[in-house]
Amino acid sequence: MRLLFLSFTALLSLFLTSVNGFNPEDLERLKGSGKCIKCDLTKAEMIGIKLVGANLGSSNLSGSSLEGVDLSGSDLVGTNLSGANLTASFLGASDLTGANLSGANLTAAYFGLSDLTSANLNGANLTAAYMKEATLDFVDLTTAVLCNTVMPNGDTINRDC
């Protein structure tokens, strides 16, 4: 009977983690050390926290609330940020090589000097985003929203206003 109860508790815990999204231990590790590689932070609420120089390589932050977060100089290589809200976030000089930002809200986000080589920006909202001197090699912006968006060369694009 006790074994059955423990098995049920373990399954319930696993189910609740997958329903709620993120792993709370991963969030605490990130806040404590600034490093959380391959972490599950799906749908995590991290509004306004400072994570300067964080290492989140290959982590899953899809659907997370990251408004106003400071991720300047961070390692976000291969990170899944699809559908995340990064409104007014600072990502300057960050490495987002191969990151998935599809459908992300990047309104007024700062990407100056960031590397977005091969990043997925399909359907991302880049309204008022600042990308001067960012690297956008192999990035397709065809379906991204560009309105008052400062591009790597300093030109402002108003295609979707």
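No lab work stands behind these numbers, since they all come straight from the coordinates. Everything numeric in this text was worked out from a predicted model, so none of it was measured. Cβ placement follows ideal geometry from the backbone for every residue including glycine, while neighbour counts extend to all protein chains displayed.
Of the DSSP beta bridges with both residues in the chain, give the percent that are antiparallel, rounding to the nearest 5. Approximately 10 percent, going by the DSSP bridge assignments. If you line up the long axis of helix 2-20 against the longest principal axis of the chain, both from Cα atoms, how many degrees apart are they, to the nearest 10? Once rounded, the angle reads 10 degrees. For the chain, the alpha carbon convex hull comes to 95 Å³ per residue, rounded to a whole number. Compared with the alpha-carbon gap, the fully stretched path from Glu133 to Asp155 is longer by 6.8 nm at 0.36 nm per residue. Ordering Asn60, Gly154, Asn120 by Cα displacement along the dipole of the chain toward the positive end leaves Asn60 in first place; charges were set at the Cβ atoms of Lys, Arg (+1) and Asp, Glu (-1).
Legend: calculated FRET efficiency, Glu25 to Ile47, from the Cβ-Cβ distance at R0 = 25 Å, rounded to 0.05, equals 0.80. Taking every DSSP helix (H) stretch of at least 4 residues in the chain, weighting each as -39,500 (n - 2.57) and dividing the sum by the residue count yields a mean residue ellipticity at 222 nm of -6000 deg cm²/dmol.
Pairs of Cα atoms nearer than 8 Å and 6+ residues apart set the relative contact order; for the chain it is 12 percent.
Just to confirm the number: angle between the C-alpha axis of helix 24-33 and the first principal axis of the chain, 0 to 90 degrees, nearest 10? The helix 24-33 is inclined about 60 degrees to the chain.
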